[in-house]
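Note sheet for the following structure.
FYI, it's all coordinate maths here, none of it is from the lab. All values derive from a computational prediction rather than experimental measurement. With ideal geometry, Cβ positions are generated from the backbone for all residues, glycine too; neighbour counts draw on all protein chains shown.
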Amino acid sequence: MCRLEVYLLRHGIAEEGRPGSRDADRALTPEGKRRLRETLNVARSAGASPQLLLSSPYRRAVETARIAAEVFGFKGQIIESAAFTPGSDTRAAWEEIRLYAGTGSLLVASHEPLTGLLIGFLCGTPNLIVDVKKGSLTRVDLDHVGAQPRGVLKWMLTPRLAGGTRD
């Protein structure tokens, strides 16, 4: 029996970085928002229903989490954590996720390379290389939330699969 469903959501397409501006301040583009909604709507129709939303504090991830909240009808507060920034360690991200294991299902809005590394880590295969497209949603189920996760990769939904657009 699954004790925790973890949905890993890579942020949508964001603005290009500009000289003199911080990477953390990059916003989603209109196309990024549209494609993200398509993916999340398909996931919702298939039964995805996270009970808690966690996010990197970077603007594009927070915007992604807000869109997820809207699509999934989530009314609670989105919890921001530096454990989900691009260069974060998978162990730190896992420890943050474990704090909320009692929710039954949660969504993490994050970045590459962390999202791909976290998929492998949660599945007990930290050397696994996963190509996670912008706006992709991945579900990993865990039957226990101990120090070493051993989850099962249930599915990955890319914007191309959800809306028929090219990655």
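Any residue at all in segment 100-111 that's of a type in the set (A, V, I, L, M), over 16 Å from Pro57 (Cβ atoms) and surrounded by fewer than 18 Cβ atoms within 10 Å (Cβ to Cβ)?
yes
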Sole miss for Ala83 among (1) buried (at least 19 other Cβ atoms within 10 Å of the Cβ); (2) of a type outside the set (S, T, N, Q); (3) over 12 Å from the mean Cα position of the chain (by Cα); (4) assigned to a loop (DSSP other than H, G, I, E, B) is condition (4)
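For segment 98-108, state whether one or more residues are among the charged types (D, E, K, R) and in contact with a helix residue (DSSP H, G or I) (Cβ under 9 Å, 6 or more places away or on another chain). Quick ask: steps written out before the conclusion?
Pass one, segment 98-108, residues among the charged types (D, E, K, R): 98.
Subset that is in contact with a helix residue (DSSP H, G or I) (Cβ under 9 Å, 6 or more places away or on another chain): none.
No, there is no match, as no residue in segment 98-108 is among the charged types (D, E, K, R) and in contact with a helix residue (DSSP H, G or I) (Cβ under 9 Å, 6 or more places away or on another chain).
Can you work out which of the residues in segment 121-167 that are of a type in the set (S, T, N, Q) and exposed (fewer than 13 other Cβ atoms within 10 Å of the Cβ) is nearest to Glu5 (Cα to Cα)? Please lay out each step first, then the result.
Initial filter on segment 121-167 (of a type in the set (S, T, N, Q)): 125, 127, 136, 138, 148, 158, 165.
With the extra rule that they be exposed (fewer than 13 other Cβ atoms within 10 Å of the Cβ), the set shrinks to 127, 148.
Working: Asn127: 22, Gln148: 16 Å.
Out of the qualifying residues, it is Gln148.
Here is a yes/no grid of residues against (1) part of a loop (DSSP other than H, G, I, E, B); (2) under 25 Å from Leu122 (Cβ atoms); (3) among the hydrophobic types (A, V, I, L, M, F, W, C); (4) touching a strand residue (DSSP E or B) at 6+ places or on another chain (Cβ under 6 Å):
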site	(1), (2), (3), (4)
Gly17	yes, no, no, no
Glu31	no, no, no, no
Thr39	no, yes, no, yes
Ala43	no, yes, yes, yes
Glu63	no, yes, no, yes
Gly76	yes, yes, no, no
Glu95	no, yes, no, no
Gly102	no, yes, no, no
All conditions in (1) free of Cβ contacts under 8 Å to residues at least 60 places away in the same chain; (2) of a type outside the set (Ser, Thr, Tyr); (3) in contact with a His (Cβ under 7 Å, 6 or more places away or on another chain) are true of Ala109 except (1)
Residue within segment 46-58 that is without any contact (Cβ under 8 Å) to a residue 24 or more places away in the chain and over 26 Å from Phe121 (Cβ atoms) present: no
